[in-house]
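**Q** Starting off with a structure, shown below.
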Amino acid sequence: MSPIAQGDLLWQPSPDTLKNANLTQYMQWLADTRDLHFDHDYDQLWHWSVENLEDFWHSLWEYFDLTYEGALRPVLSQRSMPGAEWFPNVRLNYAENIFAQRNDHRPMMLYKAEYAPLIEITWAEIAEQVNRLAQVLRGLGVEKGDRVVAYLPHIPETIVALLATASLGAIWSSCSPDFGPRSVLDRYMQIEPKVLIAVDGYTYHGRVYDRRQTVADLQASLPTLQQTILIPHAPSPENADLPHTILWDDALAQVTPTPQLQFERAPFSHPLWVLYSSGTTGLPKPIVQGHGGILIEQAKATILHNDLKPDDRFFWYTSTGWMMWNYVVGSLLAGATIIVYNGSPAYPDINALFALAAESRMTYFGTSAAFINACIKADIHPNQQYDLSHIKAVGSTGSPLTMEGFAWVYDNLNRELALESLSGGTDVCTGFVGGARLKPIHAGEIQGAALGAHVLAYSEEGEPVVNEVGELVIIQPMPSMPLFFWGDDEQMFRYTESYFEMFPGVWRHGDWIEFNERGGCVIYGRSDSTINRQGIRMGTSEIYRVVESFDEIMDSLIVDLELLGRDSYMPLFVVLADGVELTSDLKRAINNKLRAEVSPRHVPNEIIPITAVPYTLSGKKMEVPIRKILLGRDVAKTANRGAMRNPEALDFFIALGEKFATPPDES
């Protein structure tokens, strides 16, 4: 790979890019309609967007020509966080705005499964299926505010189901079928769904996984569930043992579509979907996001930051358990064609996605830093085998992108593309920091904060810092911030505790970030104990529940040592019962149960026996201090032995810390 150093200039916009970028068009529109002039200067535009928050978000409605009714003023009737109230006089529907981009001269999506060829699916075909499924759901008694949940992979039917649910004003939620039944139930039991849409199996890496028993378990454990719509995939699609179940094709065939799609408009803050961001204790947090906040944020992100245009073909490798799946759907607001891939990114080999990029003439390739690192290790050179010249941009998220990752993309895809590393979260279903097609790209850096996102790095004292690693904070509200957590009390205790406990009134996200003088930034991994594997966030409590169900395990501690410049490494520490040895059979049993009941992504890299888990005096496992110690932080500044129940338990981790904190060999 080409030798590069932190901050090296890798790409800058050409005159043609500057002229045709969507950001340029927006700036010209602001000049023509608002007498605001920014002269291609993104940083000036960003400062205006956060210093004039109401004017910025108000302008996007007109610029994007979104469909709504009511008055756009006031923009913010309540500014405080949590509890900001956006556009209280606006009514709209997310799905209606998606279909406002309908263009029957272009495919709505290109679909590829591991086991099938690439096909085109038109807007008309999707519209008819959405129309029919909406009729089915109405017939099942689904009304505004009811929950429809999915246990589906990334297939066209999942997008149909979301849009049909949203068209009714019902509330959507999805999990990937590689999630085990316990993880799914921990999410869906909280929101009490009326309808489940599921597959009876799925294919991954050439293997078929039967999920009929899991579907049966979900049916038996969700008392509010009234009907299941099943999409057959297992070798023998029998559903006789599944009560109140109808096959997808049969359900759609039994209804007559209305002459036109119908959309139930609802207030700006009406719930659209529930995503899940797990905490370190208790059940996963059900994050409720609204029609209006998601609509305006996704339009901004995909059109202005990803620079998507109607002739683009947008792809992001994702599963339905990651917010990037929802983001892919949102890219339809740009009128772009989305590329949907169902399967392993490395089947039949690690070039699979690059073969798809060439065949589909993909213009935007979205992936994860983990996948790019896997390509580096595999020593592949896709541009020597495939024509990837049509890729205009690569997006990378899920974890920090290393310097080697930047170099590999430019050496092995094409030299002209814009490499947009971005970071955000499930919590807002977007990026806080990411791409800006008007700015140069420097090695190891994210280009800057997103428009309307007042992102800073804070010291422990709550002061903004530059050229210093600090906590990623947002000091003003964003429209797609959660409306609330499902089931939270009226005082929003869990919501407040999750984001506003460290700095009252300021959103603290849980990432380490460093900004430089030119506005570029670097993410250094999680500052809290949430496990983030390939973009899927999982609370440690979900892992402990499985691990500590073994009679042989008395206690456990898990940390993810993801950090910029190294591979993600997640060790699981276990306290064994008296007389028990950590045998290979026991390790295998723990990993298999985690794989089945949590997810394959959250199987630890290593299981290590310890004598005791460090606890605070209040009885909390010291996940964050142990993570910091293992990453080489100063023990004296990380853990207060006087505030511990068992301070001697630290000694093992201090001794281990030197090994884990040793930087990678840069020779």
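The values are calculated or read from the model by the stated rules, or taken from the named source; none is laboratory data. Nothing here was measured: the structure is a model prediction, and the numbers come from that model. For neighbour counting, all protein chains shown are included, and Cβ atoms are generated from backbone atoms with ideal geometry for every residue, glycine included. Note: areas computed on protein heavy atoms with side chains; ligands, DNA, RNA excluded. Shrake-Rupley method; radii C 1.70, N 1.55, O 1.52, S 1.80 Å.
**Q** Please give the calculated 222 nm ellipticity per residue for the chain, where each DSSP H segment of at least 4 residues contributes -39500 (n - 2.57) and the sum is spread over every residue; nearest 500 deg cm²/dmol?
**A** -9000 deg cm²/dmol
**Q** As an exercise, use a Förster radius of 51 Å and the Cβ-Cβ distance of residue 105 and residue 379 to find the FRET efficiency, rounded to the nearest 0.05.
**A** Between residue 105 and residue 379 the formula returns 0.75.
**Q** By how many nm would the segment from residue 569 to residue 253 lengthen if fully extended, with 0.36 nm per residue of separation less the alpha-carbon distance?
**A** 108.9 nm
**Q** Given 0.36 nm per residue, what is the gain on full extension from residue 244 to residue 463 after removing their alpha carbon distance, in nm?
**A** Extending this stretch completely gives an extra 73.2 nm.
**Q** List the residues of the range 476-518 whose backbone N lies under 16 Å from a point placed 7 Å from the Cα of residue 637 along the Cα-to-Cβ direction.
**A** 512-514
**Q** To make sure I understand the rule: partners must be aspartates and glutamates, Cα under 13 Å from the Cα of residue 309, and not fewer than 8 residues away in the same chain. Which ones qualify?
**A** Filter leaves no residues.
**Q** Calculated from the structure, Rg/Rh (Cα atoms, Kirkwood Rh) equals which of (1) 1.40; (2) 0.94; (3) 1.09?
**A** (2)
**Q** Quick check: with the 1.4 Å probe, what order do 549, 421 take by accessible area, largest first? Show your work: numbers first, answer last.
**A** On the way: 549 55, 421 10 Å².
Highest to lowest solvent-accessible surface, that is 549, 421.
**Q** What is the gain in length, in nm to one decimal, between residue 116 and residue 648 on full extension, counting 0.36 nm per residue of separation less the C-alpha to C-alpha distance?
**A** 185.8 nm
**Q** Something else: Can you list residues whose amide H is under 5 Å from residue 510's amide H, if they're 5+ apart or on another chain and H is modeled 1.01 Å from N?
**A** Close amide H contacts, sequence-distant or interchain: 472.
**Q** Kindly write out, for the range 139-156 in residue order, the coupling ³J(HN,Hα) from the Karplus curve 6.51 cos²θ - 1.76 cosθ + 1.60 (θ = phi - 60°), rounded to whole Hz, with x marking Gly and Pro.
**A** x, 8, x, 6, 10, 3, x, 5, 9, 10, 10, 10, 10, 9, x, 7, 10, x
**Q** If you count only protein heavy atoms and use a 1.4 Å probe, how large is the accessible surface of residue 4, to the nearest 10 Å²?
**A** Accessible area, nearest 10 Å²: 50 Å².
**Q** So if I average 1/r over every pair of distinct C-alpha atoms in the range 398-474 and take the inverse, what Kirkwood radius in Å does that give?
**A** 13.8
**Q** While we're on this one: Please list 65, 241, 427 from largest to smallest accessible area, probe radius 1.4 Å, with all protein chains kept in place.
**A** Order by accessible area, largest first: 241, 65, 427.
**Q** Would you please state the base-10 log of I(q)/I(0) at q = 0.22 1/Å for the range 1-123, with intensities from the Debye formula using one equal scatterer on every alpha carbon?
**A** -1.22
**Q** Something else: According to a simple spin-label model (label point 7 Å from Cα along Cα-to-Cβ), what is the distance in nm between residue 207 and residue 387?
**A** Between residue 387 and residue 207, the simple spin-label model gives 3.7 nm.
**Q** Reported to two decimal places, what Rg/Rh ratio describes the range 282-355 when computed on Cα atoms with Rh from the Kirkwood expression?
**A** 1.05
**Q** With an 8 Å Cα cut-off and a minimum separation of 6 or more residues, compute the relative contact order for the range 102-248 in percent.
**A** That works out to 19 percent.
**Q** Relative contact order (percent) for the chain, with alpha-carbon contacts under 8 angstrom and 6 or more residues of separation?
**A** Once normalised by length, the contact order is 14 percent.
**Q** Computed on alpha carbon atoms, what radius of gyration and Dmax characterise the range 241-296, expressed in Å?
**A** 17.5, 49
**Q** Would you mind computing, in nm to one decimal, how far apart the modelled labels at residue 262 and residue 28 are, each placed 7 Å from Cα along Cα→Cβ?
**A** 4.3
**Q** Run through the range 382-457 and list the trypsin sites (Lys or Arg not before Pro) located in a DSSP loop whose Cβ has at most 13 other Cβ atoms within 10 Å. Don't jump to the answer; show the numbers that get you there.
**A** Values: sites: 392, 415, 437; in loops: 392, 415, 437.
Hits after loop and neighbour filter: 415.
**Q** Trypsin sites (Lys or Arg not before Pro), restricted to the range 132-224: which are DSSP loop and have at most 16 other Cβ atoms within 10 Å?
**A** Listed in order of number, the matching sites are 144.
**Q** Please list 635, 329 in order of solvent-accessible area, largest first, computed with a 1.4 Å probe with all protein chains present.
**A** In descending accessible area the options line up as 635, 329.
**Q** In addition: Apply the Karplus parameterisation 6.51 cos²θ - 1.76 cosθ + 1.60, with θ equal to phi minus 60°, to every residue of the range 621-633 and state each ³J(HN,Hα) to the nearest whole Hz, in sequence, with x for glycine and proline.
**A** For the range 621-633, the Karplus curve yields 5, 8, 5, 5, x, 5, 4, 5, 4, 6, 9, x, 6 Hz.
**Q** Starting at the first residue of the range 192-202, write each ³J(HN,Hα) from the Karplus equation 6.51 cos²θ - 1.76 cosθ + 1.60 with θ = phi - 60°, in whole Hz, x for Gly and Pro.
**A** 6, x, 9, 10, 10, 10, 9, 9, 8, x, 8
**Q** To continue, here is another question. Roughly how many Å is it from the Cα centre of the range 360-412 to that of the range 548-607, as a whole number?
**A** When both Cα centres are located, 31 Å separates them.
**Q** Still on this structure: Please name which of 368, 327, 274 has its Cα lying farthest along the dipole of the range 269-397 towards the positive end, using unit charges on Cβ (Lys, Arg +1; Asp, Glu -1) and the Cα centre as origin.
**A** It is 274.
**Q** If you average 1/r over all unlike Cα pairs in the range 86-241 and invert the result, what Kirkwood radius do you get in angstrom? Could you put the intermediate results ahead of the total?
**A** Values: mean 1/r = 0.0600 Å⁻¹.
That comes to 16.7 Å for the range 86-241.
**Q** What aspartates and glutamates does residue 144 reach when the alpha-carbon gap must be under 17 Å and sequence neighbours fewer than 8 apart in one chain are set aside?
**A** The reachable aspartates and glutamates, counting only those whose Cα sits under 17 Å from residue 144, are 96, 192, 264.
**Q** What residues qualify as long-range amide H neighbours of residue 169, i.e. H under 5 Å apart, gap of 5 or more or another chain, H built at 1.01 Å from N?
**A** 264
**Q** Further question on the same structure: Can you spot the aspartates and glutamates whose alpha carbon is less than 17 Å from residue 439's alpha carbon? Ignore those fewer than 8 places along the same chain.
**A** Partners found: 8, 16, 39, 41, 43, 307, 416, 420, 517.
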